[in-house]
1. With every protein chain left in place, what is the accessible area per residue of the chain in square angstrom, probe 1.4 Å?
2. Taking the Cα centre of the chain as the origin, how large is its charge dipole in debye, to the nearest 20, when only Lys and Arg (+1) and Asp and Glu (-1) carry charge on their Cβ atoms?
3. Normalised by the residues of the chain, what does the relative contact order come to in percent, with Cα pairs under 8 Å and at least six apart?
4. Rounded to the nearest percent, how much of the accessible area of the stretch 183-324 (1.4 Å probe, protein heavy atoms only) is carbon and sulfur?
5. On a straight-distance basis, which lysines could pair with Lys162 in a cross-link, Cα separation under 22 angstrom, same-chain partners fewer than 8 positions away excluded?
6. Share of the stretch 1-132's accessible area from carbon and sulfur, percent, 1.4 Å?
7. Return the loop-located trypsin sites (Lys or Arg not before Pro) in the stretch 293-373 (DSSP other than H, G, I, E, B) with at most 12 other Cβ atoms within 10 Å of their own Cβ; answer none if there are none.
8. Which length gain, in nm to one decimal place, applies between Glu342 and Leu312 when the Cα-Cα distance is subtracted from 0.36 nm times their residue separation?
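The values are calculated or read from the model by the stated rules, or taken from the named source; none is laboratory data. It should be emphasised that the depicted structure is a prediction, and the values quoted were computed from it without experimental measurement. Every residue, glycine as well, gets a Cβ built from its backbone with ideal geometry; the counts of neighbours run over all protein chains shown. Areas reflect the complete protein model, heavy atoms only, side chains present, ligands, DNA and RNA absent. Shrake-Rupley method; radii C 1.70, N 1.55, O 1.52, S 1.80 Å.
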Amino acid sequence: MATAGQVIKCKAAVSWEAGKPLSIEEVEVAPPQAMEVRIKILFTSLCHTDVFFWEAKGQTPVFPRIFGHEAGGIVESVGEGVTDVAPGDHVLPVFTGECKECAHCKSAESNMCDLLRINTDRGVMIGDGKSRFSINGKPIYHFVGTSTFSEYTVMHVGCVAKINPEAPLDKVCILSCGISTGLGASINVAKPPKGSTVAIFGLGAVGLAAAEGARIAGASRIIGVDLNPNRFEEAKKFGCTEFVNPKDHNKPVQEVLAEMTNGGVDRSVECTGNINAMIQAFECVHDGWGVAVLVGVPHKDAEFKTHPMNFLNERTLKGTFFGNFKPRTDLPNVVELYMKKELELEKFITHTISFAEINKAFDLMAKGEGIRCIIRMDN
Ligand code: NAD
Ligand code: ZN
């Protein structure tokens with residue numbers, strides 16, 4: 001392409017300060033260096049993790065920064081040594097990576113790549129420790145190696161999943177984080193047996209995808225737990241059969257769930273980021289066989305406290321990033337589930353806005369309205 005090897009000037013939504021509205025600025029995006037890819041972002045969406053690090057409450061503040069990690073785009077140019085993708089390829093950026101060479105990438109059980117696993121404090125490229133974004137020569141930092149709130153971004157090739165070019169990017173972009181995370185947390189990690197009972201804590205996009213995963217796996221009772229009752233009606237579309245609002249009860253939600261299920265649920269998946277919900281999600285599983293899976297990103301200083309007897313009584317606690325999917329190997333197959341109509345994505349997309357209106361997506365999330373809001377980069 002004509003722009004290969006050159007600095008590209010484009011629009012990006014820059015976060016100058018924690019918690020302050022993003023501002024659309026003209027930024028300079030440097031060409032991709034060795035093992036890097038420059039991507040034209042077509043669609044992006046807001047995930048709770050962006051908001052969490054934008055608020056920077058109890059997180060290391062790294063500003064000015066370009067957030068965004070759930071997106072779909074097209075490769076514009078590639079740096080030296082990149083052979084897996086080429087200009088024109090349709091790709092999904094992922095906040096964690098797969099170098100394909102480390103012990104984790106070689107293990108069938110892990111997706112915690114040594115080289116490219118998520119690092120929320122790093123604002124620069126791993127190759128040379130520099131940012132590829134700048135305004136008047138002043139660096140603007142990256143976020144989780146993706147920074148998709150920009151018309152162009154630069155990423156390490158190991159965090160870029162090449163997908164079927166027939167797949168509509170305005171739909172499958174939501175598979176690049178939240179939906180795959182929830183789906184994988186159920187299918188790959190909780191693995192509910194057929195006919196089992198599953199509790200889902202937090203019915204945002206991630207939790208609803210976890211409910212969908214539990215349904216696909218064959219769970220027969222799926223109990224949605226959320227503090228926001230507005231979530232319950234919507235959650236029926238995602239396989240939830242019953243609902244519990246902890247605010248409606250004057251006893252711990254673990255006890256409420258134990259009473260509903262003759263001693264506890266078979267599996268639980270926590271998708272809130274709230275430490276109390278994490279403890280409840282563990283303590284509500286049945287002794288003898290129950291498995292709880294943590295997905296939410298906790299406060300930096302959060303501590304998980306439970307009586308060790310809960311483990312001795314044969315309960316299992318697990319956690320997962322990105323639903324244990326390996327980004328480059330597995331994500332193209334998740335896209336194929338959508339293409340084969342085995343996974344519906346449309347019902348997750350409740351809003352679509354232009355790039356200029358990006359702050360509206362933050363408002364919607366703050367109000368707990370809708371599920372995913374697609375931001376169109378072409379306005
Ligand atoms: P969201 O804000 O849309 O949904 C969270 C839901 O949890 C809300 O409906 C909220 O009302 C509910 N909630 C909050 N506290 C609760 C409590 N104590 N009990 C019951 N419900 C409670 O967020 P999302 O985009 O669906 O993301 C969910 C979580 O997953 C976030 O913490 C996000 O950072 C995390 N996440 C993790 C990964 C991963 O790989 N592990 C990937 C993506 C997102
Ligand atoms: Zn690796």
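1. 41 Å²
2. 60 debye
3. Result for the chain is 17 percent.
4. Working: 3140 of 6180 Å².
That fraction is 51 percent.
5. The reachable lysines, counting only those whose Cα sits under 22 Å from Lys162, are Lys40, Lys100, Lys106, Lys171, Lys326, Lys340, Lys341.
6. 52 percent
7. Working: sites: Lys300, Lys305, Arg315, Lys318, Arg328, Lys340, Lys341, Lys347, Lys360, Lys367, Arg372; in loops: Lys300, Lys305, Arg315, Lys340, Lys341.
When the trypsin sites (Lys or Arg not before Pro) of the stretch 293-373 are filtered for loop state and at most 12 Cβ neighbours within 10 Å, Lys300, Lys305, Lys340, Lys341 remain.
8. 6.9 nm
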